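In what follows, a single structure is set out as structure tokens and then discussed.
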């Protein structure tokens, strides 16, 4: 048996290695000399156990990282497959574009008409009170009708009857004040809605 003693320059520690000449691997015993607590030792088996725990810890970490990467690849592949499919969005928008444009234009002109009427009220002129009232009703009905037309609702034809009547009444009242350009524009827009309803839903 060969005995080799190596002293480290820092502290009172010594590493004692016992090696048998006829063995490929030598049992290693590490001795720590401490003036206060004496001698403590760690066998080769305990050292190997700690090294194995470290390797297992790294291995588990590698497995978790690998699983995460695989999941990301699967998710990316699925998303790519879904996005690659062609979707028909043509039915998502309104099928009655002319009617939709007429209704939107009418609500815009009605808003301008009401604003003009409000200015007249502040100046003490109430002659446009009925005009503002009819325009207000028209905007409420056309606003709801616009949602139905935009979504291709099954209630379009039923609701169109109410919208047509309200627009006829609004145009009739606004034409009484056609000297005001806002009122005249609102009347014309209401007539356009009536015409669009007849052309689109007849």
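Brief remarks on what is shown
- Residues that are within 14 Å of residue 106 (Cα to Cα) and not in a helix (DSSP H, G or I), drawn from the stretch 142-162: none
- Identity of the residue in the stretch 134-153, surrounded by fewer than 16 Cβ atoms within 10 Å (Cβ to Cβ) and free of Cβ contacts under 8 Å to residues at least 12 places away in the same chain, that ends up farthest from residue 191 (Cα to Cα): 153
- Matching residues in the stretch 170-201 - criterion: being out of contact with any helix residue (DSSP H, G or I) (no Cβ under 6 Å at 6 or more places or on another chain) and in a helix (DSSP H, G or I): 172, 176, 181, 184, 188, 195, 198, 199
No value in this document is a laboratory result; all are computed from the given coordinates. Keep in mind that what you see is a predicted model, and the values were worked out from it rather than measured. Heads up, the Cβs are rebuilt from the backbone with ideal geometry, glycines too, and the neighbour counts pull from every protein chain shown.
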